[in-house]
Amino acid sequence: MDETILDAFRQNGLSRRAFLKFCAATASLLALPPAAAAMAEKLATTLRPTVIYLSYQECTGCLESMTRSFSPTIEHLMFNNISLAFNDTLQAAAGEAAEAARKEAMRKAWGKYILIVDGAVPMGAGGAYCVAAGQSAVDDLRHAAQGAAAIIAVGTCAAFGGVPYAAPNPTGAVPVSEVIRDRPIINVSGCPPIPEVMTGVIVYYLSFGMPALDRQGRPVTFYGNTIHDRCYRRPFYDEGRFAHTFDDEGARNGWCLYELGCKGPVTYNACATLKWNQGTSFPIQSGHGCLGCSEPDFWDKGGFYRPLPAATGHWPRGEVLGGAALGGAVVGVGAAALARSRQQAAAAKSAKEVNSPPPKEDSHEH
């Protein structure tokens, strides 16, 4: 009998209540709180799909990132939501046994499985730069794509070519979309992508099908705003306050890193809202400007520490900076007020936790 996602939860000792909490948390992550009930109803009856995860020209950083997802966790995905039939890094099998298992899984789920591709695809030298089990990466991808219901290109290398695609591109690397043109592709870019973005996209696809995509093929839910739009340093940008070195007064006071090459104004991603390491921080919060790694050709767009010619790509830089200083009275004040309210809420929560008595041992929910 085919196993549904709810069946998998129950077999792992989890109640329907735990299942509903999982759906609510995931819907919230996807900025779809009202859809929690619909997501629960859909996932409860959805058969666990087969997932084939293929790796080509990559550094394993994307998979490393995915294993650190906390909502939903990779364990939740593998044991409750999907049937991960092949991943040459996580699986115990190797060699002929692994290839045989992959072929059998693809045969049984032909036309229905989700294909996750990690890494660029080398086309040079007839594909000879990347060969596994006697088959080139490009031929392997073409065959696997034929039986896929959808393809998720994980990481900037798979989505846009990434580092292997950068000049002079000696291996002839290309993104997945340049090889496969007859299957729906979801690009989840980033070097690496945010863990919760990767797992969230998979759960969204299981619940509702293809998400709304931007012009780069990325889910609008996670790539609908620039990092600059949601950056907590935005008020300083609007006031015209910029750090000029990594150890000057501006840097110590947390001013905008635009002058130090931050690519946040032209980079679409959820780093400033979801952050990393369970919402702990993101590069700008840690004192380093955005590299623009979720955008096409980020490696070839000049030095990482060279300021953008214009914050939005439309105005001369002098006008942008002048407008920032003059326009801060409106946008800057609003953003600063929001930042202060968040800081006050966080401080109040911290004080409450410090002053609250520890929970009783027998009150823990199982």
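The values are calculated or read from the model by the stated rules, or taken from the named source; none is laboratory data. Note that this is a predicted model, so its numbers are computed, not measured. Positions of Cβ are backbone-derived with ideal geometry, glycine not excepted, and every protein chain shown enters the neighbour counts. Ligands, DNA and RNA are stripped out before the accessible areas are found, and what is left, the full protein with its side chains, is counted by its heavy atoms. Shrake-Rupley method; radii C 1.70, N 1.55, O 1.52, S 1.80 Å.
Counting only heavy atoms of the protein chains and using a 1.4 Å probe, Cys59 has close to 110 Å² of accessible surface.
Backbone phi angles across region 200-213, fed through the Karplus curve with coefficients 6.51, -1.76 and 1.60 (θ = phi - 60°), yield HN-Hα couplings of x, 5, 4, 5, 4, 4, 5, 7, 10, x, 4, x, 5, 10 Hz in residue order; Gly and Pro are listed as x.
Based on alpha-carbon atoms, the Kirkwood radius and the radius of gyration of region 88-148 give Rg/Rh equal to 0.96. For Arg68 and Ala125, what is the calculated FRET efficiency with R₀ set at 51 Å and r taken between the beta-carbons, to the nearest 0.05? About 0.90, to the nearest 0.05. Here the extension length gained between Met78 and Thr280 equals 70.2 nm, from 0.36 nm per residue of separation less the Cα-Cα distance. Ligands, DNA and RNA excluded, the heavy atoms of Glu249 present near 110 Å² of accessible surface to a 1.4 Å solvent probe. Label sites at Lys112 and Arg230, each approximated as a point 7 angstrom past Cα along Cα to Cβ, lie 3.5 nm apart.
The figure for Leu291 is an accessible area of roughly 60 square angstrom, using a 1.4 Å probe on the protein chains alone.
Ranking Arg181, Arg102 from most to least accessible surface, computed with a 1.4 Å probe over the protein chains only, gives Arg181, Arg102. Full extension of the chain between His244 and Phe208 gives 8.4 nm of extra length, using 0.36 nm per residue less the Cα-Cα distance. Take the alpha carbon gyration tensor of region 83-207, find the square roots of its eigenvalues, order them as a ≥ b ≥ c, and report rounded if a/c is under 1.5; if not, report prolate when a/b exceeds b/c, else oblate. Oblate, since a/c reaches 1.5 and b/c is not below a/b. When Arg142, Arg306 are compared by accessible surface with a 1.4 Å probe, the order from highest to lowest is Arg306, Arg142. When the alpha carbon coordinates of region 182-283 are projected onto the principal axes, the ranges are 51, 27, 20 Å, largest first. Applying 1/(1 + (r/R0)^6) with r as the Cβ-Cβ distance of Asp297 and Arg181 and R0 = 25 angstrom yields a FRET efficiency of 0.80.
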